[in-house]
Amino acid sequence: MTSRTVAVFDLGGVLVDWNPRYLYRKLFSGDDAAMEHFLANICTSSWNSEQDAGRSFAEGCGLLKVRHPDYAELIDAWFARHGEMVAGSISGTVEILAELRARKIPLYALSNWSAETFPTAQKRFEFLQWFDGILLSGEAGMIKPDRRIYRRFFQRFAIDPAQAVFVDDLRPNAETARELGMHAIVFTDPAALRRELAELGWLSSKFGGM
């Protein structure tokens, strides 16, 4: 059993199945080598992180198009067709979220996500309305694992990290949460998450159990 009373979730990779390959595999007509070159050298993870940290897509795409004019249409697609990068929800985790909600455990989200693209996801997925509070990196102007965004989160929602369980699919983000006093879980799949939450006394060890 645990004295922890608050659940904090990352979103992409935990509750939402986001991957740019869902879009760019179509745009490159299945040429995976060309797609991977594009994602490794043009629309890179580090470039996308700048939008997650608050830079506008207009600025981010504009900078890339100056350097890679031949890829202008593909660069613009990152924002214009962003929804196609989201395959859907990760259903097993959403089921866990629903069970925690039914048990009246306060739910919060701390996510590296652009403030420009999040509203579309919020309209698409009903479960994004279940949270008592959400802090986006794009709104805060900083991204995990920067300690400042965690402290901003604690302050905004009056959360004591010693009372919180944090779930994130990236180990550096979880490690920072742990260093700041949260009980951190590195998400791998819903079944493993359920087992860890069952050990804390929050859930049944089986899906559909109460």
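The values are calculated or read from the model by the stated rules, or taken from the named source; none is laboratory data. All values reported here derive from a predicted model rather than from experimental measurement. Note that each Cβ is placed from the backbone with ideal geometry, even for glycine, and that neighbours are counted across all protein chains shown.
Quick notes
- Condition met for THR176 (under 13 Å from LEU11 (Cβ atoms), touching a residue at least 12 places away in the same chain (Cβ under 8 Å) and of a type in the set (S, T, N, Q)): no
- Residue in region 62-76 that is closer than 20 Å to ASP169 by Cα and of a type in the set (Ser, Thr, Tyr) present: no
- Within region 63-79, the set of residues being assigned to a helix (DSSP H, G or I) and more than 17 Å from ARG21 (Cβ to Cβ) comprises LEU63, LEU64, LYS65, VAL66, ARG67, PRO69, ASP70, ALA72, GLU73, ASP76.
- Hits in region 107-126 (condition: crowded, with 17+ Cβ neighbours inside 10 Å and in contact with a Leu (Cβ under 9 Å, 6 or more places away or on another chain)): LEU107, TYR108, ALA109, LEU110, SER111, ASN112, TRP113, SER114, PHE118, ALA121, PHE125
- Failed criterion for GLU179 (all others in (1) within 21 Å of ARG101 (Cα to Cα); (2) surrounded by fewer than 21 Cβ atoms within 10 Å (Cβ to Cβ) hold): (1)
Okay, residues lined up against (1) among the polar types (S, T, N, Q); (2) at pLDDT below 95; (3) more than 16 Å from the chain's Cα centre (by Cα); (4) exposed (fewer than 14 other Cβ atoms within 10 Å of the Cβ):
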residue	(1), (2), (3), (4)
VAL6	no, no, yes, no
LYS26	no, no, yes, yes
SER46	yes, no, no, yes
ARG55	no, no, yes, no
ARG101	no, no, yes, no
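- All of (1) in contact (Cβ under 8 Å) with a residue 40 or more places away in the chain; (2) on the phi > 0 side of the Ramachandran plot; (3) not basic (Lys, Arg) hold for VAL165 with one exception: (2).
- Checking each residue in region 109-158 for being within 19 Å of GLU175 (Cβ to Cβ) and among the hydroxyl-bearing types (Ser, Thr, Tyr) picks out SER111, SER137, TYR150.
- Verdict on LEU11 being within 20 Å of SER114 (Cα to Cα), surrounded by 13 or more Cβ atoms within 10 Å (Cβ to Cβ) and free of Cβ contacts under 8 Å to residues at least 60 places away in the same chain: no
- Some residue of region 120-133 being in contact with a Lys or Arg (Cβ under 7 Å, 6 or more places away or on another chain) and touching a residue at least 60 places away in the same chain (Cβ under 8 Å): no
- ALA121 vs. criteria in the same structural domain as ARG151 (by TED's automatic domain parsing) and within 30 Å of GLY201 (Cβ to Cβ): no
- Helices (runs of 4 or more DSSP H) enclosed by region 88-205 - at least 1 residues per element that are of a type in the set (Asp, Glu): 91-102, 137-140, 171-179, 190-199
- Residue match in region 36-43 (condition: buried (at least 16 other Cβ atoms within 10 Å of the Cβ), among the hydrophobic types (A, V, I, L, M, F, W, C) and within 30 Å of GLU99 (Cα to Cα)): no
- Looking at ARG81, ARG55, ARG101, ARG25, just one residue is among the basic types (Lys, Arg), within 28 Å of ASP10 (Cα to Cα) and assigned by TED's automatic domain parsing to the domain that holds GLN122, and that residue is ARG101.
- When each of ILE143, ILE159, ILE75 is tested for being under 30 Å from HIS37 (Cα atoms), surrounded by 20 or more Cβ atoms within 10 Å (Cβ to Cβ) and either modelled with pLDDT under 95 or more than 14 Å from the chain's Cα centre (by Cα) (or both), the lone residue that passes is ILE75.
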